[in-house]
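Okay, structure first, notes after.
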Amino acid sequence: MASPAVVENLPPSLNSSAEQPPLFDGTTKLYTCYTCPFAQRVWIARNYKGLQDKIKLVPLILEDRPAWYKEKVYSVNKVPALEHNGKIIGESLDLIKYVDSNFEGPSLFPDDPEKKKFVEELWSYVDEFIKIVYTSFKGEGPKNVVSPAFDHLESALGKFEDGPFFLGQFSGVDIAYITFVEKIQIFLSEAFKYDITAGRPKLAAWIEEMNKIDAYKQTKTDPKELVEFYKKRFTAQQ
């Protein structure tokens, strides 16, 4: 079971003029961005494991990020990044596993060998899924392009019958996908009138169950802001 919901007072996002916070002072910090789906993955993992007091959020404004972040924290200059035990770890999928392995709280991955194998299959597909869908945004209409990708998720959600999630029970795999599905669902519906759940009952049920998980709900993007951002980025001609 997930830890009880902790309602946080989220710190303000830092821009290029923000004062540099203490760095490498022994505090575990998650450098993040409230609107970035990659960073959102690690934020959800942190919340689900009940680590709000153990891992401090340091949110950045990516369009105007502070110079000290690249110079002194993470030379790659991307989020998420975790400052832990005097070192920096990046890459969201790696960080889900790192947080799960190195901190207390409910496990995000199963012990069952068959489910472990399926984790790796879904893990290896997620980047392809994202690429297919995001590339489609720049076309005339994404329906024919994205339908096979969502059909793949529908099929994957039917593999285990002990719950509505990819592995039956909630896991890191759900975290890996939901931050993108959340945003894609909103944008495809608004910009292209395409409902990703039409004819996909398992996908619809999965999204419904995900929306009941406090660790995720607390990280969701404002739909109006999301649509405006995506329209500017992908469909400026509309």
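Nothing in this text is a laboratory measurement; each read-out follows from the coordinates by a stated rule. Since the structure is predicted, the reported quantities are computational estimates derived from the model, not experimental observations. Using ideal geometry, Cβ is built from the backbone for each residue, glycine included, and neighbour counts are taken over all protein chains shown.
Quick notes on this structure:
- When each of the peptides 172-184, 49-61, 114-126 is scored by how many other beta carbons lie within 10 Å of its residues on average, the order from highest to lowest is 172-184, 49-61, 114-126.
- Prolate/oblate/rounded label for the chain (Cα gyration tensor, a/c 1.5): oblate
- Secondary-structure-derived ellipticity at 222 nm for the chain, considering helices only, amounts to -14500 deg cm²/dmol, per-run term -39500 (n - 2.57) for DSSP H runs with n ≥ 4.
- Annotation: lysines with alpha-carbon distance below 17 angstrom to Lys202 (same-chain offsets under eight excluded): Lys159, Lys212.
- Relative contact order [Cα under 8 Å, 6+ residues apart], segment 72-190, whole percent: 19
- Residue among Ser17, Ser171, Ser107 with the largest mean-square fluctuation in a Gaussian network model of the chain, springs linking Cα atoms under 10 Å: Ser17
- Fraction of beta bridges assigned by DSSP in the chain that are antiparallel (%, nearest 5): 65
- Flagged links, alpha-carbon separation over 20 Å, of Lys143/Lys183; Lys78/Lys116; Lys54/Lys224: Lys78/Lys116; Lys54/Lys224
- Contact order relative to length of the chain, as percent, for alpha carbon pairs under 8 angstrom and 6 or more apart: 20
- Pairs of Cα atoms nearer than 8 Å and 6+ residues apart set the relative contact order; for segment 47-97 it is 18 percent.
- Listed peptides 198-204, 94-100 by packing density, highest first (mean Cβ within 10 Å): 94-100, 198-204
- Span-like helix ranges in the chain, DSSP H, alpha carbon extent 27 angstrom or more, Kyte mean at least -1.0: 113-136, 172-192
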